[in-house]
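Enquirer: Sharing a structure with you now.
The values are calculated or read from the model by the stated rules, or taken from the named source; none is laboratory data. Just so it is clear, the model here is predicted, and its values are computed rather than measured. No Cβ is skipped: glycine too gets one built from the backbone with ideal geometry, and neighbour counts run over all protein chains shown. These area figures cover heavy atoms from the full protein model, side chains too; ligands, DNA and RNA do not enter into them. Shrake-Rupley method; radii C 1.70, N 1.55, O 1.52, S 1.80 Å.
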Amino acid sequence: MRRIFAAALVAALLVPAVAMAASQSHYDKKAAAVASEGQRTVSIYVDVDLGARKSGSADELNQSHRAFNANGYDVVSVVGYTENGDLQGFFVTYVRR
């Protein structure tokens with residue numbers, strides 16, 4: 001019984017960390033690709049998960065900002081996108097320093 005509980009606890013802690021790392025790598029790859037192409041400005045869409053519209057949206061934006069800042073880009077604008085009054089995501093524009 002203790003092993004099952006321990007395994008469930010590890011899984012509960014590990015799954016969100018893996019999901020965060022996966023989405024972070026998405027932004028890292030996108031930022032690196034744009035930087036390697038020498039693109040001065042770029043606009044991306046940051047999707048907001050249905051169940052994580054409050055804290056999840058900030059986390060997604062922060063991950064995107066970190067990745068693009070690390071590749072020499074600064075935020076120019078962030079515009080929310082809604083459908084039927086529900087937040088769906090953000091259009092974010094970055095410019096190369």
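Enquirer: Calculate the spin-label point distance for Glu83 paired with Arg96, positioning each point 7 Å from the Cα along the beta-carbon direction, and give it in nanometres.
Expert: Spacing of the two 7 Å Cα→Cβ label points: 3.3 nm.
Enquirer: Collect residues whose amide H, placed 1.01 Å from N in the peptide plane, falls under 5 Å from the amide H of Gln88; neighbours closer than 5 in sequence don't count.
Expert: Here the answer is Tyr81, Thr82, Glu83, since their amide H atoms fall under 5 Å of that of Gln88.
Enquirer: Any idea how far apart Asn69 and Gln39 come out in nm if each label point goes 7 Å out from Cα toward Cβ?
Expert: 2.1 nm
Enquirer: What ranking of Ser77, Ser64 comes out by heavy-atom accessible area, probe 1.4 Å, highest first?
Expert: On the way: Ser77 45, Ser64 0 Å².
Final ranking, largest accessible area leading: Ser77, Ser64.
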